[in-house]
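Have a look at the structure below before the remarks.
The values are calculated or read from the model by the stated rules, or taken from the named source; none is laboratory data. Note that the structure is a prediction, hence the values are computed from the model and not measured. Note that we place each Cβ from the backbone using ideal geometry, even for glycine, and neighbour counts take in every protein chain shown.
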Amino acid sequence: MKDFFRNNKKTILFHIILVICFSAYLLSADFLFDRVIMVNGESTVQDITLPSESRDVKSNVEAFYKNRLDWKDVILLSGWAFIEGQSMDGRKIYLVLRSNSSEYIFDTMTFSRWDITQYFYNATYDLRNAGWRANIPESIVGDDDFRIGYLIRNDTAESFMMSRHYVNRTGFYYL
């Protein structure tokens with residue numbers, strides 16, 4: 001038996017290293033695929049310091065769908081948000097998800113919502129770009145309930161407000 005180990009040191013060492021590498025891959029695969037590797041169309045977590053909360057954001061969540069982008073499970077959220085008394089031209093909408101244990105700020109894809117300007121009877125301010133859509137990785141949401149907030153900003157100003165909407169893995173709700 002000693003001769004076997006002595007004669008096959010390199011082969012045994014290779015197999016031990018192979019098992020260690022494979023075990024490390026298995027332990028980190030969820031993290032790598034869910035948090036590190038992004039897919040096209042996925043909303044990304046932003047490193048933004050939130051300002052003090054204001055009360056001038058009007059918003060609504062209108063859609064929740066479980067979706068799959070390539071190989072990644074995501075939650076598609078869609079709605080609208082704007083700052084009262086201000087145009088949405090040149091502004092970016094960020095989605096804030098806050099639970100008891102964590103907080104994420106995601107970028108969103110904005111799109112035109114002609115109906116928002118009409119609904120709020122606002123001929124002075126252009127609210128067309130108030131529509132937003134976000135594909136949030138389902139693994140980030142996990143089993144937590146997240147309160148939904150909005151950060152709306154441009155080069156000169158920003159407003160932040162938490163809404164009364166919540167989202168979890170099964171849907172969104174209003175409190």
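Assess whether TRP114 counts as being loosely packed, with under 13 Cβ neighbours inside 10 Å and not polar (S, T, N, Q).
For TRP114, the condition - loosely packed, with under 13 Cβ neighbours inside 10 Å and not polar (S, T, N, Q) - is met.
With a cut-off of at least 2 residues that are over 18 Å from ARG55 (Cα atoms), in contact with a strand residue (DSSP E or B) (Cβ under 6 Å, 6 or more places away or on another chain) and at pLDDT 90 or above, name the strands (runs of 3 or more DSSP E) lying wholly within the stretch 80-119.
It comes to 103-107, 109-111.
In the list VAL36, VAL74, VAL45, VAL19, which residue meets the criterion of being at pLDDT below 85 and closer than 15 Å to SER139 by Cα?
VAL36
Name every residue in the stretch 118-133 that is small (Gly, Ala, Ser) and free of Cβ contacts under 8 Å to residues at least 24 places away in the same chain, in order of residue number.
If the condition is that a residue be small (Gly, Ala, Ser) and free of Cβ contacts under 8 Å to residues at least 24 places away in the same chain, then ALA123 is the only one that fits.
Which count do you get for residues in the stretch 137-162 that are surrounded by 18 or more Cβ atoms within 10 Å (Cβ to Cβ), aliphatic (A, V, I, L, M) and either farther than 22 Å from VAL74 by Cβ or at pLDDT below 95 (or both)?
Matching residues across the stretch 137-162 total 4.
Output the residues belonging to the stretch 92-131 that are aromatic (Phe, Trp, Tyr) and closer than 14 Å to THR44 by Cα.
Answer for the stretch 92-131, where residues must be aromatic (Phe, Trp, Tyr) and closer than 14 Å to THR44 by Cα: TYR94, TYR104, PHE106.
For the stretch 77-108, give me the residue count where each residue is of a type in the set (A, V, I, L, M, F, W, C) and under 14 Å from GLU138 (Cβ atoms).
Total meeting the criteria: 3.
Among what's in the stretch 127-136 and is buried (at least 20 other Cβ atoms within 10 Å of the Cβ) and of a type outside the set (A, V, I, L, M), pick the residue that is farthest from LEU175 (Cα to Cα).
ASN129
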